[in-house]
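Data first, discussion second: the structure below is written as C-alpha cells.
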Amino acid sequence: MSHHTGASNAAEPSPIRELFAHIGFGEPIRDGDELVVELPAAPHVVNTRGGIQGGLIATLIDVVAGMHALEDCPPGIGVVTSDMNIRYLRAVTTGVASARSRIVHSGRRSVIVQVDVYATESDELAVMATANFAKTPRTDR
C-alpha cells in the first residue's frame, strides 16, 4: 500500500522524491481541474518490447492520483492507496507518458481519482485507471 502524506521540504528532497526524479517523473502540472505528471520513454524505463514498463506506469498513476487526492484533503488528513484498477490499452514506446488525474468522488473517508495516461507523441489513450484512497490522520515525520 502506498502512503502519500504530502510532507515536503523544498530544502531537503525526500528519498522517494529523489527516486521519482531519478526514474524521470516530471514535476506535477496543474491543468484546470486536472493534475498532470509525465514520464519520458527513456531507455532505462522501457521493457524488452520497447514500451514503458507497466509497473512504472502503475507507479506514475499512483503518484499523480495520490498527489491529487491529498490536495483535496483538509489539514491534518493524509491518504493511503486502498486499491487501483488499471487497464493497459497500448504501450508508450516513444515520447512521453502523460498521466492526467481528476477527482471523481471525495467523501468523508475516501477519495476516488480517475487517471488517463496518454502517449503524447500519438495523442492516444494508452492506460485508463481508477485509484481509491482512504483518508487517514497525517503522520508527518
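For this structure, a couple of remarks:
- Filtered by the rule that a residue be loosely packed, with under 15 Cβ neighbours inside 10 Å and closer than 21 Å to R30 by Cβ, the stretch 107-124 gives a lone residue, D123.
- Selected residue (only one of V79, V104 is part of a strand (DSSP E or B), crowded, with 18+ Cβ neighbours inside 10 Å, modelled with pLDDT of 95 or more and not hydroxyl-bearing (S, T, Y)): V79
- Checked against (1) at pLDDT 95 or above; (2) surrounded by 13 or more Cβ atoms within 10 Å (Cβ to Cβ), R87 passes all but condition (2).
- Selection within the stretch 36-71 - among the β-branched types (V, I, T) and buried (at least 17 other Cβ atoms within 10 Å of the Cβ): V36, V37, V45, V46, I52, I57, T59, I61, V63, V64
The values are calculated or read from the model by the stated rules, or taken from the named source; none is laboratory data. Quantities reported herein were computed from a predicted structural model and do not represent experimental measurements. With ideal geometry, Cβ positions are generated from the backbone for all residues, glycine too; neighbour counts draw on all protein chains shown.
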